[in-house]
Amino acid sequence: MSGEPSEAPPYSTRVVDALRLPDGVSETDVVAVEEPLEIRIGGEPVAVTMRTPGHDEELALGFCVTEGLEPVSARMPDDLAANAIEVDAGGFDPERLRRHFYTSSSCGVCGKGAIEAVQVSAARVESALDVARDVVAALPELLREAQHAFAVTGGLHATGLFDESGTLLCVREDVGRHNAMDKVVGWAFSEHVLPLSSHVLCVSGRLSFELVQKAAVAGCPVLVAVGAPSSLAVELAADRGVTLCGWVRDGRITVYSEPWRIV
């Protein structure tokens with residue numbers, strides 16, 4: 001794995017006071033840190049996300065990649081403001097971003113419109129990658145073993161990037177499942193491995209439309225999760241050619257789209 005820490009980074013957790021009931025014992029507890037991050041382009045704020053601090057540049061880059069904003073690099077802003085990242089993105093069109101967010105906010109109104117919006121920024125995944133069933137079945141446990149902050153807080157989602165043999169290349173944790181995915185995509189962008197046509201993404205929770213969208217934009221052919229998918233996640237995966245595997249636990253796999261990739 002690519003230089004991942006063997007324990008939870010100190011900036012990702014915080015000690016708080018807690019009362020244990022029914023025993024009435026006052027103790028300390030360790031919780032995940034949640035703070036806002038402002039993403040700027042050309043000095044202008046384009047988004048604020050609630051995230052767990054750490055890998056903020058990756059988060060900003062991954063967010064921009066999966067929103068179709070064509071980033072070049074990310075850095076601390078010139079004013080050194082806390083909880084802010086400046087992204088360099090050539091030819092940035094603020095009006096295009098506003099239109100995209102309006103479309104995204106309408107997802108609950110029209111699922112067909114949401115899928116059509118993704119089609120604009122994500123080509124259908126045509127990768128010929130296939131992955132052994134036993135490899136897919138093992139991914140959630142491999143991811144769980146690498147979730148060092150979750151081990152002490154129980155309050156973080158994770159996304160892991162694997163190769164076709166099941167080797168973990170990158171893992172990121174965050175209070176937001178979409179942020180964990182963006183951090184991994186941002187890492188892949190920085191490592192020049194996009195599109196992820198020969199890789200597998202595994203997430204620790206359920207499969208939402210947004211996670212499938214991000215995987216499709218990143219060109220990843222296989223998306224695996226411990227939990228269940230939503231109806232729109234299944235529809236989008238089928239539309240974009242992503243193999244969607246849910247309920248992956250205890251050796252069992254439920255494949256919702258493009259099952260031919262699981263061999």
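Farthest toward the dipole's positive end in the chain, which of PRO9, GLY241, PRO195, given Cβ charges of +1 (Lys, Arg) and -1 (Asp, Glu) about the Cα centre? Positive-most Cα among the choices belongs to GLY241. Amide H contacts of ILE262: VAL131, each under 5 Å away and 5 or more positions distant or on a separate chain (H built 1.01 Å from N in the peptide plane; Pro and chain starts excluded).
Sparsely packed loop sites in the range 118-156 (the GluC sites (Glu not before Pro) outside DSSP H, G, I, E and B with at most 10 other Cβ atoms within 10 Å) comprise GLU126.
Would you mind getting me the FRET efficiency between GLU70 and ASP163? Use the beta-carbon distance for r and R0 = 41 Å, nearest 0.05.
On the way: r = 26 Å, r/R0 = 0.64.
E between GLU70 and ASP163, to the nearest 0.05, is 0.95.
The gain in end-to-end length when the GLU34 to ASP250 segment is fully stretched comes to 74.6 nm, 0.36 nm per residue minus the alpha carbon separation. Basic side chains Lys and Arg get +1 at the Cβ, acidic Asp and Glu get -1 at the Cβ, and with that the dipole of the range 106-204 about its Cα centre reaches some 320 debye. Compute the signed sum of charges (Lys and Arg +1, Asp and Glu -1) over the other residues within less than 12 Å, Cβ to Cβ, of SER127. Counting the neighbours of SER127, the net charge comes to -1.
Only Cα pairs under 8 Å and 6+ residues apart enter the sum, and on that basis the relative contact order of the chain stands at 19 percent.
Backbone phi angles across the range 15-27, fed through the Karplus curve with coefficients 6.51, -1.76 and 1.60 (θ = phi - 60°), yield HN-Hα couplings of 8, 10, 7, 8, 10, 8, 10, x, 6, x, 9, 8, 9 Hz in residue order; Gly and Pro are listed as x.
Under a 5 Å amide H to amide H cut-off, with H placed in plane at 1.01 Å, what residues pair with GLY241 once short-range neighbours are removed? Amide H neighbours of GLY241, under 5 Å, 5+ apart: VAL125. For the set THR167, THR13, THR28, the ranking by accessible area, highest first and with no ligand, DNA or RNA atoms included, is THR28, THR167, THR13 under a 1.4 Å probe.
If you sort HIS148, HIS199 by accessible surface, 1.4 Å probe, largest first, the order is HIS148, HIS199. Pairwise alpha-carbon distances in the range 144-263 exceed 21 Å for 30% of all pairs. Which value in Å is the Kirkwood Rh of the range 21-86 over different Cα pairs? Hydrodynamic radius (Kirkwood, Cα only) of the range 21-86 equals 13.5 Å.
Gyration tensor analysis over the Cα atoms of the range 138-202 returns equivalent ellipsoid semi-axes of 20, 14, 8 Å (largest first, whole Å).
Counting every Cα pair in the chain, what percent are over 27 Å apart?
More than 27 Å apart: 37 percent of the Cα pairs in the chain.
In deg cm²/dmol and to the nearest 500, what is the mean residue ellipticity at 222 nm of the chain if only DSSP H runs of at least 4 residues count, each as -39500 (n - 2.57), divided by the residue total?
Details: 8 runs with 86 residues, N = 263.
Helix contribution divided over all residues of the chain: -10000 deg cm²/dmol.
Of the Cα atoms belonging to the range 205-263, the radius of gyration and Dmax stand at 10.1, 30 Å.
Report in % the part of the accessible area of the range 1-82 that belongs to carbon and sulfur, leaving out ligands and nucleic acids; probe 1.4 Å. Looking at the range 1-82 in its full context, I get 53 percent from C and S.
Under a 1.4 Å probe, what is the accessible area of the chain per residue, stated in Å²? Write down the numbers at each step before the final one.
On the way: 12050 Å² over 263 residues.
That works out to 46 Å² for each residue.
Expressed as a whole percent, the accessible area of the range 106-217 that falls on carbon and sulfur atoms is 52 (1.4 Å probe). The residue among ALA82, ILE41, LEU69 whose Cα reaches farthest toward the positive pole of the charge dipole of the chain, with charges on the beta-carbon of Lys, Arg, Asp and Glu, is LEU69.
The string of couplings for the range 37-46 from the Karplus curve (6.51, -1.76, 1.60, θ = phi - 60°) is 10, 8, 9, 10, 10, x, x, 9, x, 10 Hz, one whole number per residue in order, with x for Gly and Pro.
The values are calculated or read from the model by the stated rules, or taken from the named source; none is laboratory data. Remember, it's a predicted structure, so these values are computed and weren't measured experimentally. Here Cβ is always computed from backbone atoms with ideal geometry, including for glycine, and neighbour counts include all displayed protein chains. For the accessible areas, the whole protein counts, side chains as well, though only heavy atoms, and no ligand, DNA or RNA atoms are used. Shrake-Rupley method; radii C 1.70, N 1.55, O 1.52, S 1.80 Å.
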